[in-house]
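The values are calculated or read from the model by the stated rules, or taken from the named source; none is laboratory data. Source: prediction; values computed, not measured. Cβ placement follows ideal geometry from the backbone for every residue including glycine, while neighbour counts extend to all protein chains displayed. For the accessible areas, the whole protein counts, side chains as well, though only heavy atoms, and no ligand, DNA or RNA atoms are used. Shrake-Rupley method; radii C 1.70, N 1.55, O 1.52, S 1.80 Å.
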Amino acid sequence: MSAIKTEAAPYLDAFRANASEPAWLVDHRRAALTAFGERGFPSRREEAWRFTNLRPLTAHAFAPIPSPSIGEGRNAERQRGISGGGDAGGAITPTRSQPSAARALPHQGGGKLGAEIDLGVPTYRLVFLNGILQSGPTDLPKGAWLASTARTIAERPDLAKQALDPSDLAGGQPFASLNAALFADGFVLALEPGATLDRPVEIIHIAEAVSAASIHSRNAILLSAGAKATVIETYSGKGAYWTNAVTEVAVGAGAALVHIQLQDEDRRAIHLAMARAKLAKGASYRNFGLTLGANLSRRDVQIALGEGASCAVNGAYLLRGEQDTTNAIFIDHAAPGATTRELFKGVLDERAHGAFLGTIAVRQDAQKTDAQQTSRTLLLSDRAAIDTKPELDILADDVKCSHGAAVGDLDKDMLFYLRARGIGADEARRLLIEAFVLDAIETVEDMRIREHLSSRVRRWLGSFETHASRAPQDEGRA
Amino acid sequence: MSLLNIDNLHASVEGGREILKGISLEVKAGEVHAIMGPNGSGKSTLAGVLAGREGYTVSQGSVTYDGRDLLAMSPEDRARAGIFLAFQYPVEIPGVNNMYFLRMALNALHRARGEPELDAGQFLKTVRAKLKFLEIEDDLLQRAVNVGFSGGEKKRNEIFQMAMLEPRLAILDETDSGLDIDALRLVANGINRLRAPDRAAIMITHYQRLLDYVEPDFVHVLSEGRIVRSGDKSLAAELEKYGYAAFGDAA
Ligand SMILES: Nc1ncnc2c1ncn2[C@@H]1O[C@H](COP(=O)(O)OP(=O)(O)OP(=O)(O)O)[C@@H](O)[C@H]1O
Ligand SMILES: [Mg+2]
């Protein structure tokens with residue numbers, strides 16, 4: 001057996017098999033843990049992790065939140081078990097006994113959560129506090145399963161098994177392996193053939209941590225042939241916690257899934273989210289990620305396309321301070337006639353750093369592949385930086401593939417035009433930044449969700465300290 | 001009363017090349033001035049310096065607008081003080097809705113004057129009234145600012161903005177270029193409507209034709225960064241006949 005990596009040790013120590021869980025799950029967890037222990041955290045020498053500085057993550061051990069099926073006494077035991085993090089015991093608000101944030105949360109419908117976290121329209125809503133389900137919908141239509149992962153394990157093991165993936169055991173994606181070993185909860189959405197949800201599914205994550213703690217959620221979205229759904233996940237919280245989420249996605253033949261990920265975590269937090277999607281023949285998967293929060297974040301989206309399937313992976317990120325984000329998109333055109341569209345818009349201010357890794361692999365028999373990838377970034381400060389790495393690996397000959405990347409500052413002529421009409425310099429900059437990310441946001445077809453995302457962007461812009469207030473020189477003489 | 005007073009203005013571009021070489025011009029309230037001159041003579045540079053475009057260095061001279069040192073004001077403050085530049089090349093701004101932009105601009109002006117901002121309804125009413133006489137399609141207003149507009153549509157959009165913002169000093173940089181004869185008449189109509197004893201306009205143009213519709217009080221010839229000749233409307237006719245060559249070396 002290979003040696004255990006030191007940075008992995010606290011997480012291995014924290015692992016306790018849960019006697020109430022089925023054997024297939026315990027076995028998967030153990031094997032995934034072993035894979036993680038041997039692999040350790042990724043290194044920047046690895047191409048896929050070259051641009052992601054994991055120091056905030058490796059600097060502490062983040063005590064995992066225990067799963068809800070384990071009693072209070074076991075909680076304390078588990079948390080004591082993690083030693084590397086110093087005062088890790090009680091790092092996080094206990095989940096059952098003190099659902100402080102959750103108590104204020106309406107269960108569903110159009111009620112408002114604080115700070116406009118929710119969509120504000122009727123949805124099938126699940127609210128998680130520190131990764132544990134607090135409330136869920138009770139009025140699901142026929143043909144739909146939507147419940148916590150914990151409950152799905154107990155009641156629908158057939159679906160729960162699909163939230164796990166053999167790659168968890170291989171160690172190629174160490175954080176997904178760790179997630180498999182340690183996840184406490186999550187959600188599973190499953191639609192029977194032809195089932196359609198009349199409202200979006202809204203997954204709200206709220207974290208409250210007083211010191212380093214990690215939240216591992218495991219999710220699955222499983223659409224059978226011809227089914228249709230829209231899922232929006234929102235991550236927010238308070239504290240220096242670590243969110244490590246993995247969502248397994250399966251879209252059946254002719255089924256269509258819209259998957260929105262809104263990341264607005266605490267600016268001290270770490271957020272890693274992995275979505276792995278398999279698309280059957282003629283399936284459609286549209287993923288959009290808006291990244292505003294976290295100190296360090298990374299969004300991995302990995303898609304395997306069936307024949308004639310189509311996927312769109314779009315996103316916008318607006319960061320400042322020393323925030324760092326990576327979008328790592330991997331599309332596998334494994335079958336002919338599939339389509340990929342990627343559009344990313346980044347706005348980086350102050351010392352923020354972004355990375356875009358976009359790999360499109362077109363296999364030999366994936367003829368008539370049609371793939372387009374675009375990444376554009378606005379650097380609003382000299383110290384902001386972006387790393388872009390498009391990679392097209394094309395083995396088929398009859399394909400249409402293109403990629404483009406551009407980095408720039410706000411357009412001087414546009415700014416002058418707006419100012420020459422009386423619009424103040426700050427307001428003009430905000431207007432142009434909002435306009436810059438607009439086409440990415442417009443890829444979201446649902447108007448209410450689009451408006452929700454736009455309002456989040458405007459809120460970010462509202463606290464935008466512009467260059468004019470930092471550097472008075474551009475107000476000078478003509 | 002003198003609304004704008006340009007006195008011995010020298011301006012150079014990045015790299016140090018001097019483009020404006022001592023321009024003096026007084027514009028009184030109620031007047032319309034036409035500035036003509038060959039390509040590259042500095043007409044747009046003058047307009048840019050007056051509107052506050054970046055990238056110019058004024059090495060000598062002064063510009064007073066309504067008693068204030070114009071060159072010390074930011075572009076937005078100039079606009080709020082009533083200066084409007086109709087761009088020779090209006091800028092396309094993807095993602096910014098034309099109506100939204102215009103309402104923002106109008107409200108910025110209102111705020112600066114201490115007047116109440118217009119709500120959506122009041123704004124629309126004003127828009128409708130102005131659109132009518134400029135014969136602008138509603139559709140153009142719902143699009144992003146100037147994006148995909150034809151050359152003539154862009155020019156008309158400039159005049160529409162001018163009509164909405166009602167400037168005290170309009171500077172029109174070749175707003176007549178590239179317009180068909182009907183559009184020219186509409187644009188001229190837009191300018192004439194704004195003529196008032198307390199307003200003024202500077203029209204930069206290459207063509208006598210615009211001056212047939214908007215009669216100027218003065219015509220100036222700009223050549224190599226200097227005003228080499230000033231006169232009344234008849235000067236334009238003279239230019240049309242003999243060209244600029246006759247004036248080129250006059251300075
Ligand atoms: N930013 C700049 N850098 C270098 N040269 C410039 C710059 N801006 C203007 N110029 C030069 O200054 C001169 C005057 O330009 P300007 O645009 O003012 O001319 P114009 O009279 O408006 O010409 P036209 O009739 O063709 O519109 C030109 O020779 C031009 O190339
Ligand atoms: Mg010009």
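Close amide-amide hydrogen proximity is noted between A:R267 and A:A294, each under 5 Å apart and 5 or more residues distant or on a separate chain (H modeled in the peptide plane; Pro and chain starts excluded). Amide H contacts for B:L3 (H built 1.01 Å from N in the peptide plane; partners 5 or more residues away or on another chain; cut-off under 5 Å): B:V27, B:K28, B:A29. With only the Cα atoms considered, the range B:174-251 has a convex hull volume of 99 Å³ per residue.
Less than 14 Å from a label point 7 Å out along the Cα-to-Cβ axis of B:T126: which backbone N atoms in the range B:90-108 qualify, by residue? The answer is B:99-108, whose backbone nitrogens lie closer than 14 Å to the label point. For the pair A:D382 and A:K238, label points projected 7 Å from Cα toward Cβ lie 3.9 nm apart.
Principal axis extents of the Cα atoms in the protein assembly as shown, from largest to smallest and rounded to whole angstrom, are 101, 50, 49. For the range B:120-251, the share of accessible area belonging to carbon and sulfur comes to 48 percent (1.4 Å probe, ligands and nucleic acids excluded). Sorted on the mean count of surrounding Cβ atoms within 10 Å across their residues, most packed first, peptides A:402-410, A:171-179 read A:171-179, A:402-410. Straightening the chain between B:D182 and B:D232 buys 15.4 nm, computed as 0.36 nm per residue apart minus the Cα-Cα spacing. Run through every distinct alpha carbon pair of the range A:164-279 and return the Kirkwood hydrodynamic radius in angstroms, one decimal place. Mean inverse Cα-Cα distance, inverted, gives 14.8 Å. Each label was represented as a point 7 Å from its Cα along the Cα-to-Cβ direction; for A:R351 and B:H10 these points are 4.5 nm apart.
Along the range A:27-36 the Karplus relation, 6.51 cos²θ - 1.76 cosθ + 1.60 evaluated at θ = phi - 60°, assigns HN-Hα couplings of 4, 4, 4, 4, 5, 5, 5, 4, 4, 5 Hz to successive residues, with x for each Gly and Pro.
Cross-link pairs exceeding 29 Å in C-alpha to C-alpha distance, out of A:K412/B:K155; B:K28/B:K155; A:K142/A:K238, comprise A:K142/A:K238. Local charge for B:S44 was computed over the other residues whose Cβ lies under 11 Å away, with Lys and Arg +1 and Asp and Glu -1, and equals 0. What total accessible area, in Å², is buried where chains A and B meet, using a 1.4 Å probe and rounding to the nearest 100? What A and B bury together is about 2600 Å². Each other residue within a Cβ distance under 14 Å of B:I19 adds +1 if Lys or Arg and -1 if Asp or Glu, for a net charge of +2. For B:G231, the shell of other residues with beta-carbons less than 11 Å away shows a net charge of -1, using +1 for Lys and Arg and -1 for Asp and Glu. Accessible area per residue (1.4 Å probe, heavy atoms of protein chains only) ranks A:W460, A:W145 as A:W145, A:W460, with the largest value leading.
First check a/c for the range A:375-420, with a ≥ b ≥ c the square roots of the eigenvalues of its C-alpha gyration tensor; if it is under 1.5, answer rounded, and if not, answer prolate when a/b is larger than b/c or oblate otherwise. Oblate.
Kirkwood analysis of the Cα pair distances in chain B returns a hydrodynamic radius of 18.7 Å. With a simple spin-label model that places each label point 7 Å from the Cα along the Cα-to-Cβ direction, the separation between A:T58 and B:R143 comes to 5.4 nm. Calculated on the alpha-carbon coordinates, the convex hull of the range B:53-185 measures out at 127 cubic angstrom per residue. Remark: the range A:117-122, residue by residue, has Karplus-estimated 3J(HN,Hα) of 6, 8, 5, x, 10, x Hz, where x stands for each Gly or Pro and the curve is 6.51 cos²θ - 1.76 cosθ + 1.60 at θ = phi - 60°. A simple rule links phi to the HN-Hα coupling: the Karplus curve 6.51 cos²θ - 1.76 cosθ + 1.60 with θ = phi - 60°, which for the range A:37-49 gives x, 6, 7, x, 6, x, 10, 6, 6, 7, 3, 5, 10 Hz, with x for Gly and Pro. Highest mean first, the peptides A:382-389, B:187-194 sorted by other C-beta atoms within 10 Å per residue fall in the order B:187-194, A:382-389.
Taking 16 Å as the straight-line reach from the Cα of B:K21, the aspartates and glutamates in range (excluding those fewer than 8 positions away in the same chain) are B:D7, B:E224, B:D249. For chain A, the solvent-accessible area of protein heavy atoms averages 37 Å² per residue (probe radius 1.4 Å; ligands and nucleic acids excluded). Here the range A:119-231 has 53 percent of its accessible surface on carbon and sulfur atoms, given a 1.4 Å probe and all protein chains in place.
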